[in-house]
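Taking it in order: structure first as C-alpha cells, then the write-up.
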Amino acid sequence: MTQITAALVKELRESSGAGMMDCKKALTEAGGDLDAAVDWLRKKGLAAAAKKAGRVAAEGLVGVASQGTSGAVVEVNAETDFVARNQDFQGFVSSTATIALGTEGNLESLLAASYPDSGAALSDQLTTMIAKIGENMSVRRTAQFSVESGVVSSYVHNQIAPGLGKIGVLVALESTGDADKLAALGKQLAMHVAAAHPTALDKDDVDASSLDRERDVLSEQARASGKPEEIIAKMVEGRLRKYYEEVCLLEQTYVIDGETKVRKVIENAGNDVGAPVKLTGFARFQLGEGIEKEESDFAAEVAATLGS
C-alpha cells in the first residue's frame, strides 16, 4: 500500500483546493493515486475550488491581533480587491490573526489549527470560504512576537476595519517601564516601520547574500572611477554604511522627528518610561508584496469571449 506522505497531501491540496484532512482521506481511499484522489474529492463535492486554484491571488487583507504581551500578523490573499470589503472574508482574516497568536509564526501550525465554532482545521475553513465567495484564496504568511515584560504594538495602514488593511506592522519592545508610555512608543515605531520599510533589525540581521550582492555592485561602481584599490575599499565601506542606514531599523532616521536614529530613540525612551527599553523584533507585511501579478488585456478578453 502506498504511504500517504505529507508531501503527497500537500500536492493534492495545491491541485484540488480541498482541505488538508479531506485530501488525506481521499488519498487513503484512492491508495495514494493522485488522479483517483481528485476524482474522489470531486464526487464528494469537496473540490469545488479546484478550477480556482491556479488563479493568481494577490489581493485580500493583512490582519493583526494582540493579546497581553503577544501580537500576530497574517496575510490572506484573494483574487480581487472587492473581496476585502466582504464581511465574511474580513471575519475570516480577523479570526485567522487571532488564531495565529498561538502558533508562534508557523504557517503549517496555523493552517492545522482549529477554527472557532466550526471545529474544522483552518485550512478546511479556507476551502469553505473559497467555495462560498468564488475566488481562489490563500493564507500566505504569518509572524508572531511575544515579550516577557513590555508590549507588542501593532499598526495597520489605511485600515478598512479594526485590525485589517493593506499594510500591517508589529513591533516588540521588552521593558519593565511604564506600560502606557511604552505602548505609545511602540505605536510610533510601528508607524515608522510602515513608512520606512526596513528589512532587518540591525547590521547583524542583514541577509548575507543581499549584503554580498550590494558589496559587489558598490565595488564595480567604485572601480569605474579609476581610483586605487585601497581607496575603492574605503569608498565601498562608506557606501555600505549608507546601505545599512536604509535597510536596518535601528540605523534608520526616525520619521517622526526626521533627525534622530531609531537606535537613539530607543535608548532615550528608557528615561521616559523609567526602565531600559529593547526593541527585540518587528514584522512588516504589505499585501501582495513579492507576488507576480498577471497582466491582463481586458479588451482582448472581451473580444475573445464574443468570438467564442
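The values are calculated or read from the model by the stated rules, or taken from the named source; none is laboratory data. Note that this is a predicted model, so its numbers are computed, not measured. To get the accessible areas, we keep the full protein, side chains included, count just its heavy atoms, and leave off ligands, DNA and RNA. Shrake-Rupley method; radii C 1.70, N 1.55, O 1.52, S 1.80 Å.
Compactness ratio of the chain: Cα Rg over 2.2 N^0.38 Å, N = residue count?
1.22
Can you tell which of Ser94, Ser15, Ser153 shows the greatest fluctuation in a Gaussian network model of the chain with Cα springs below 10 Å?
Largest GNM mean-square fluctuation: Ser15.
Carbon and sulfur together cover what percent of the accessible area of region 124-264 at a 1.4 Å probe radius?
Here carbon and sulfur together make up 48 percent of the probe-accessible area.
For region 67-159, list log₁₀ I(q)/I(0) at each q in 0.21, 0.25, 0.26 Å⁻¹, using the Debye formula over Cα point scatterers of equal strength and ignoring solvent, two decimals each.
Taking Cα atoms of region 67-159 as identical point scatterers yields -1.06, -1.35, -1.41.
Angle check, please: helix 229-247 long axis (alpha carbons) against the longest principal axis of the chain (alpha carbons), in degrees 0 to 90, nearest 10.
Relative to the chain, helix 229-247 is tipped by roughly 60 degrees.
By how many degrees, between 0 and 90 and to the nearest 10, does the Cα long axis of helix 179-196 differ from the longest principal axis of the chain?
80 degrees
Please give the length that would be gained between Ser149 and Ala195 if that part of the chain were fully extended, namely 0.36 nm times their separation in residues minus their C-alpha to C-alpha distance (nm, one decimal).
13.9 nm
Can you give the accessible area per residue of the chain, in Å², using a 1.4 Å probe?
Roughly 53 Å² per residue, with all protein chains present.
If you average the alpha carbon positions of region 141-173 and of region 233-259, how far apart do those two centres end up, in angstrom?
Using only Cα atoms, the two centres lie 25 Å from each other.
Apply the Karplus parameterisation 6.51 cos²θ - 1.76 cosθ + 1.60, with θ equal to phi minus 60°, to every residue of region 260-269 and state each ³J(HN,Hα) to the nearest whole Hz, in sequence, with x for glycine and proline.
These are the phi-based 3J(HN,Hα) values: 8, 5, 4, 4, 6, 4, 5, 4, 5, 4 Hz.
Mind telling me which of Val62, Val151, Val139 comes out most flexible in a GNM of the chain, alpha-carbon contacts under 10 Å?
Looking only at Val62, Val151, Val139, the largest GNM fluctuation is found for Val139.
Would you mind checking the tilt of helix 298-307 against the longest principal axis of the Cα atoms of the chain, expressed as 0 to 90 degrees and rounded to 10?
For helix 298-307, the angle is close to 10 degrees.
May I ask you to work out the translational diffusion coefficient for region 87-208 at 37 °C, viscosity 0.692 mPa s, via Stokes-Einstein with Rh from the Kirkwood sum over Cα pairs, reported in whole µm²/s?
D = 202 µm²/s.
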